[in-house]
Every structure is written in structure tokens, then in C-alpha cells.
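The structure under discussion appears below in the form of C-alpha cells.
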Amino acid sequence: PKRLDAPGGVTFGYEDEVLLMVPVTLPADLAKSGDLKIDADVSWLVCKTECVKGKAKLAITLPVSTSPGKPAHRELFDTWRARLPVAADSPAAAAALAKVAQPAAASGASGTRPSQLDVEWKQAPKKVEWFPVATRAVGIDEVDLRHEGKTTRIAFKPTVYKPDGVPEGRVDSVLVFEGADGKRVGVSVPITVPLAE
């Protein structure tokens with residue numbers, strides 16, 4: 001994702017095009033032959049100078065087989081898979097990250113304590129961005145990212161609205177860095193948010 005400054009606030013999104021991959025779970029009692037129809041209700045927001053909502057009902061019918069078929073769009077999916085965030089222990093992340101830590105949250109009202117993420121780099125990246133994943137259960141506000149040399153400190157204030165929507169008090173986020181070669185790499189960095197005391 002990229003940070004997009006828009007009238008009325010900041011959002012995170014993608015420029016030009018994006019492929020959103022969605023896993024499909026097949027029913028256990030699916031027949032071993034015939035056709036399978038998959039339906040999807042999709043919605044999106046496209047912005048340039050103004051934002052326009054879009055939506056569509058999509059459907060595709062695919063043949064069912066017990067032997068693997070030849071994927072029609074393997075190259076397209078492989079290209080976009082390579083752009084997905086990687087785990088912090090993956091080779092791409094481990095080559096750049098020395099340490100990622102989240103110190104204990106400072107004291108404050110339950111569910112709204114200020115929090116922090118500390119990142120140490122093996123080599124200083126050209127640019128660092130952080131994208132907390134938006135949910136209806138948790139809001140992340142007052143983000144203050146400070147980066148200097150091989151150190152990045154991200155202060156933020158999480159507000160938990162629905163504790164039962166925050167499994168184990170963890171929320172996903174993506175830490176994006178740009179290396180000396182200009183390549184952007186996204187790293188999945190789950191963060192802990194304070195729940196009820």
C-alpha cells in the first residue's frame with residue numbers, strides 16, 4: 001500500500017492497479033466432476049480528485065476435476081504474489097531487519113494506552129512507512145513515525161472498540177521500507193493492543 005493524502009484525511013491504498021487474492025474454501029461434499037459456480041459481491045472506492053464508489057456482482061463457473069488443471073493466469077498471480085508483504089523471518093525481511101520490538105504500553109485508560117513499535121535496521125533504508133490494518137474493532141490514531149539512520153520509532157494510540165474482535169489482542173500491520181536499490185518491501189508486523197485490564 002501507499003499513503004494517500006486526501007481532503008479530509010489520510011488513507012492507505014494502491015495506485016494504478018491491484019490484484020486482490022481471496023481464498024476460496026470448497027465444500028467437503030463437492031462432486032468430483034461437473035461444474036462449480038462461484039459468486040462474489042464486490043465493492044471498491046476509486047479516487048483521483050474525487051472518490052467514486054463502485055460495486056458489482058460477479059460469477060464464474062469452473063470445471064471440477066480431481067487432477068490439477070493448467071492455471072490460465074499463473075504469471076499474473078505470481079507477479080502479484082511477489083508484491084505481498086512477507087513475514088518478518090523471511091529472507092527478504094531478515095536481510096534488512098535487525099530487530100522489531102513493541103515495548104510494554106504506557107499506563108492509561110484501558111483500551112486506549114499509547115503504544116510504540118521500535119525497529120532496528122541492518123542497513124539504513126531510504127524510506128520507511130507503516131500501515132496498520134483497519135478494522136471495526138480497533139482504531140489506530142496519532143501515528144508518529146520517526147526514522148533516522150538505522151532506527152525507526154513508531155508511536156501510535158490504539159483504541160479498542162470491540163475487544164471480542166481482536167483475537168489475542170493482536171492487530172495486523174505492514175511495515176514498508178525502500179532499500180538502496182529503490183525496491184519497496186512490505187513486512188507483516190502484528191502489533192499488540194491493550195484490552196480490558
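The values are calculated or read from the model by the stated rules, or taken from the named source; none is laboratory data. Fair warning: this is a prediction, and the values are worked out from it, not measured in the lab. Quick reminder, even Gly has a Cβ in these numbers, built from the backbone with ideal geometry, and neighbours come from all protein chains shown.
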Exercise. Of the residues that sit in the range 107-122 and are in contact with a Lys or Arg (Cβ under 6 Å, 6 or more places away or on another chain) and not charged (D, E, K, R), which one is modelled with the lowest pLDDT?
Worked result: Pro114
For this session: Could you check, for the range 171-187, whether at least one of its residues is surrounded by 18 or more Cβ atoms within 10 Å (Cβ to Cβ) and over 25 Å from Tyr14 (Cα atoms)?
Result: no
Exercise. Under the condition of being part of a strand (DSSP E or B) and among the polar types (S, T, N, Q), which residue from the range 109-167 is nearest to Lys2 (Cα to Cα)?
Worked result: Thr152
Exercise. When both residues are 6+ apart or on different chains and their Cβ atoms are under 6 Å apart, which pairs have a first residue that lies in the range 167-183 and is under 12 Å from Ala137 (Cα atoms) and assigned by TED's automatic domain parsing to the domain that holds Pro125, and a second that is part of a strand (DSSP E or B) and among the hydroxyl-bearing types (Ser, Thr, Tyr)?
Worked result: Gly169/Thr192; Arg170/Thr192
Seminar exercise, completed: Just one listed residue, out of Leu62, Leu36, Leu58, Leu76, is in the same structural domain as Leu19 (by TED's automatic domain parsing), in a helix (DSSP H, G or I) and more than 19 Å from Phe12 (Cα to Cα), and it is Leu76
Seminar exercise, completed: By residue number, the members of the range 75-88 that are surrounded by fewer than 10 Cβ atoms within 10 Å (Cβ to Cβ) and modelled with pLDDT of 90 or more are Glu75
For this session: Within the range 122-169, track down each residue that is surrounded by 12 or more Cβ atoms within 10 Å (Cβ to Cβ), more than 18 Å from Arg184 (Cα to Cα) and of a type in the set (Lys, Arg).
Result: Arg153, Lys157
Seminar exercise, completed: Exactly one of Val160, Val143 is out of contact with any Gly (no Cβ under 9 Å at 6 or more places or on another chain) and not charged (D, E, K, R), and that residue is Val143
Exercise. With respect to Pro103, is the statement that it is part of a loop (DSSP other than H, G, I, E, B), at pLDDT 85 or above and surrounded by 11 or more Cβ atoms within 10 Å (Cβ to Cβ) true?
Worked result: no
Exercise. Does at least one position in the range 14-28 carry a residue that is aliphatic (A, V, I, L, M), surrounded by 11 or more Cβ atoms within 10 Å (Cβ to Cβ) and over 26 Å from the mean Cα position of the chain (by Cα)?
Worked result: no
